[in-house]
Amino acid sequence: MTATTSSSQQPQQALEFHDPLEVAVRDDVDRALKELKKRVNKEGILKELKLRRFYEKPSERRKRKLKEAEKRRRKQSRRKARRERSLEYKLRSI
């Protein structure tokens, strides 16, 4: 399904509808809310809504994706360095 827009608005953007998320409430509403929040986070629904709030030009989208990829690479290298330091420490203490 696509969103309809008038000529004065931004170009049409295809909307992706997710399957409904169902959570069993049983006795504990707080636990059900926690489970729902976890599933919404895992599906990336809130992030997608935030990104689609305004039109994003393709050039802006490319820049954002490159920036996110660089951030992931830096984070991964920090984790790798931390693991290597931990391993060195463990080997020295043996």
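Here, each number is a calculation from the coordinates, and none is a lab measurement. This one's a predicted model, so the numbers in the text were calculated from it and none came from an experiment.
Couple of notes before you dig in:
- Proximal lysines relative to Lys65, as straight alpha-carbon distance under 18 Å, when same-chain residues fewer than 8 apart are discounted: Lys47, Lys50, Lys57, Lys75
- Phi to ³J(HN,Hα) by Karplus 6.51 cos²θ - 1.76 cosθ + 1.60 over region 61-67, Hz, x for Gly, Pro: 4, 4, 4, 5, 5, 5, 5
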